[in-house]
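Visitor: Can you keep this structure in mind? I'll have questions shortly.
The values are calculated or read from the model by the stated rules, or taken from the named source; none is laboratory data. Because the structure is a prediction, the values reported are computed rather than measured. Every residue, glycine as well, gets a Cβ built from its backbone with ideal geometry; the counts of neighbours run over all protein chains shown.
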2 protein chains.
Amino acid sequence: MRQARRRYDIDSLTDVALRVFAERGFDGASMDDVAREAGVTKAALYHHVASKDELLERGLSRALEALFAVLVEPAAQTGTPIARLRHIVRRVVELAIAVRPELTVLVRVRGNSAVERRAIARRKQFDAAVAEIVRAAQAAGECDPALDAGLFTRLTFGMCNSIVEWYRPAGALDRTAIAQAVVQLVFDGARPRLDAVPPDEYAQ
Amino acid sequence: MRQARRRYDIDSLTDVALRVFAERGFDGASMDDVAREAGVTKAALYHHVASKDELLERGLSRALEALFAVLVEPAAQTGTPIARLRHIVRRVVELAIAVRPELTVLVRVRGNSAVERRAIARRKQFDAAVAEIVRAAQAAGECDPALDAGLFTRLTFGMCNSIVEWYRPAGALDRTAIAQAVVQLVFDGARPRLDAVPPDEYAQ
């Protein structure tokens with residue numbers, strides 16, 4: 001969708017670039033594509049950014065900052081370990097929807113450049129921080145101690161990440177319903193249970 | 001990894017192409033890359049295949065055939081709906097590992113060509129067939145009726161698909177442990193439960 005020519009700053013150009021990367025893949029997208037989508041000349045684009053890698057790095061930073069910000073939210077820092085985990089998983093689902101272009105680009109990073117490898121390393125730090133809370137939940141008897149904490153976080157965030165591939169704002173499912181389903185599945189499972197957590201608590 | 005020059009047929013060239021596509025992305029990979037990796041000339045490659053799209057189509061067909069074959073396995077056709085679902089989920093995890101290059105390419109398809117759109121349509125048929133069994137499990141009281149069956153299958157297969165991104169044959173986790181963790185999470189959840197399904201049954 002070509003847009004009307006207008007003044008851009010680095011943030012709005014990053015917005016455009018993320019949309020282009022999410023659509024065509026980072027490797028498949030060119031600076032020509034970004035300039036065309038933004039309605040600016042390539043020279044004007046290079047006035048704002050040094051390279052396609054810089055746009056990627058800015059997008060990945062946004063995604064990572066949003067993820068790490070979740071870990072310092074009050075509900076991620078206080079309460080029982082499993083309540084903290086439920087909060088984090090719910091918020092990661094919400095981010096997959098709220099900052100979908102950023103998360104899409106982060107999810108698809110393969111480590112093909114220094115920028116991508118740095119993002120992968122930070123993402124691993126995030127996962128490790130969450131795995132630590134999983135271990136605390138296991139020690140507290142709130143999570144099955146037989147589960148590998150690292151595997152649990154990979155699988156859970158794999159489920160969260162997959163949402164970027166199919167979520168559409170006009171779809172029948174809103175973000176609350178999706179977040180609730182993810183939290184229910186990974187902590188309570190699809191099988192009915194007598195001690196099920198009420199939906200209200202999922203949303204807390 | 002450059003290989004010794006040898007005779008190739010269409011199947012082994014598809015193997016090589018899938019590896020190249022999984023590494024560089026389909027859009028980022030060229031027929032030159034495939035020829036180089038196979039150790040054949042581009043002319044020799046074009047003797048066997050008409051286009052990069054043909055290689056993609058062959059890879060996607062393999063992935064989809066493997067998935068649909070699961071649905072006609074005896075354990076997917078007989079028994080309680082939830083036992084059938086457990087079998088299907090376990091087998092999809094195993095496929096994500098056993099035919100990882102094929103599944104990787106299928107997971108990353110975005111609908112950028114007729115070949116990709118056909119694959120997405122067949123993949124949706126697979127998901128719809130599984131959602132049907134989820135509804136049967138709900139009707140039988142074996143799965144929470146409040147869960148949206150389509151959302152459940154998307155999230156569950158999202159978790160399964162994510163495995164292709166990090167699984168390494170030399171890793172600490174074998175495919176049985178991974179499959180068991182996925183089945184446990186989506187059906188029983190991470191929270192301990194009195195009526196937990198014993199690990200042996202996950203593996204049945």
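Visitor: With respect to the numbered conditions (1) surrounded by fewer than 14 Cβ atoms within 10 Å (Cβ to Cβ); (2) among the charged types (D, E, K, R); (3) at pLDDT 95 or above, which one is the sole condition not fulfilled by residue B:84?
Guide: (1)
Visitor: While we're looking at this one, here's another question. Give segment A:149-197 a look and list any residue that's among the charged types (D, E, K, R) and either more than 7 Å from chain B (Cβ to nearest Cβ) or in contact with a Pro (Cβ under 7 Å, 6 or more places away or on another chain) (or both), or say none. Let's see the steps before the verdict.
Guide: Start the filter on segment A:149-197 by keeping residues that are among the charged types (D, E, K, R), which leaves A:154, A:165, A:168, A:174-175, A:188, A:191, A:193, A:195.
Across segment A:149-197, the qualifying residues are A:165, A:168, A:174, A:175, A:195.
Visitor: Is there a residue in segment A:161-178 that is under 21 Å from residue A:78 (Cα atoms), in contact (Cβ under 8 Å) with a residue 12 or more places away in the chain and crowded, with 21+ Cβ neighbours inside 10 Å? Write out each step before concluding.
Guide: Taking segment A:161-178 first, the residues under 21 Å from residue A:78 (Cα atoms) are none.
Checked against the condition, which is being under 21 Å from residue A:78 (Cα atoms), in contact (Cβ under 8 Å) with a residue 12 or more places away in the chain and crowded, with 21+ Cβ neighbours inside 10 Å, segment A:161-178 yields no hits at all.
Visitor: Looking at (1) at positive phi; (2) in a helix (DSSP H, G or I), find the lone condition where residue A:106 falls short.
Guide: (1)
Visitor: Would a scan of segment B:30-38 turn up a residue that is at negative phi, assigned by TED's automatic domain parsing to the domain that holds residue B:161, assigned to a helix (DSSP H, G or I) and among the basic types (Lys, Arg)?
Guide: First pass over segment B:30-38, keeping only residues at negative phi: B:30-38.
Going one step further and asking which of them are assigned by TED's automatic domain parsing to the domain that holds residue B:161, we end up with none.
There is no residue in segment B:30-38 that is at negative phi, assigned by TED's automatic domain parsing to the domain that holds residue B:161, assigned to a helix (DSSP H, G or I) and among the basic types (Lys, Arg).
Visitor: Among the residues of segment B:156-174, which ones are part of a helix (DSSP H, G or I) and of a type in the set (Asp, Glu)?
Guide: Residues of segment B:156-174 part of a helix (DSSP H, G or I): B:156-166.
Residue satisfying the conditions is B:165 alone.
Visitor: Further, regarding this structure: Pull up segment A:112-147, narrow it to residues that are among the β-branched types (Val, Ile, Thr) and within 14 Å of another protein chain (Cβ to nearest Cβ), then point me to the one that is farthest from residue A:90 (Cα to Cα). Let's see the steps before the verdict.
Guide: Keep residues of segment A:112-147 that are among the β-branched types (Val, Ile, Thr), which gives A:115, A:120, A:130, A:133-134.
After this cut, where a residue has to be within 14 Å of another protein chain (Cβ to nearest Cβ) as well, the list is A:120, A:130, A:133-134.
Working: A:120: 22, A:130: 13, A:133: 15, A:134: 15 Å.
That would be A:120.
Visitor: From the list B:134, B:92, B:99, exactly one residue is in contact (Cβ under 8 Å) with a residue 12 or more places away in the chain, within 13 Å of the chain's Cα centre (by Cα) and crowded, with 21+ Cβ neighbours inside 10 Å. Which is it? Outline the logic, then answer.
Guide: Working: B:134 fails: within 13 Å of the chain's Cα centre (by Cα); B:99 fails: crowded, with 21+ Cβ neighbours inside 10 Å.
That would be B:92, the only listed residue that is in contact (Cβ under 8 Å) with a residue 12 or more places away in the chain, within 13 Å of the chain's Cα centre (by Cα) and crowded, with 21+ Cβ neighbours inside 10 Å.
Visitor: Moving on to the next point. Which ones in segment A:21-37 are modelled with pLDDT of 95 or more and hydrophobic (A, V, I, L, M, F, W, C)?
Guide: A:31, A:34, A:35
Visitor: Within segment B:39-54, take every residue that is closer than 25 Å to residue A:29 by Cβ and part of a helix (DSSP H, G or I) and give me the one that is nearest to the other protein chains (Cβ to nearest Cβ). Outline the logic, then answer.
Guide: Initially, segment B:39-54 is screened for residues closer than 25 Å to residue A:29 by Cβ, giving B:51-54.
Within this subset, residues satisfying the condition of being part of a helix (DSSP H, G or I) are B:52-54.
On the way: B:52: 13, B:53: 15, B:54: 19 Å.
This residue is B:52.
Visitor: Does segment B:109-155 hold any residues that are assigned to a loop (DSSP other than H, G, I, E, B) and more than 24 Å from residue B:56 (Cβ to Cβ), and which are they? Give the steps one after another, and end with the answer.
Guide: Start the filter on segment B:109-155 by keeping residues that are assigned to a loop (DSSP other than H, G, I, E, B), which leaves B:109-113, B:140-148.
Within segment B:109-155, B:140, B:141, B:142, B:143, B:144, B:145, B:146, B:147, B:148 qualify.
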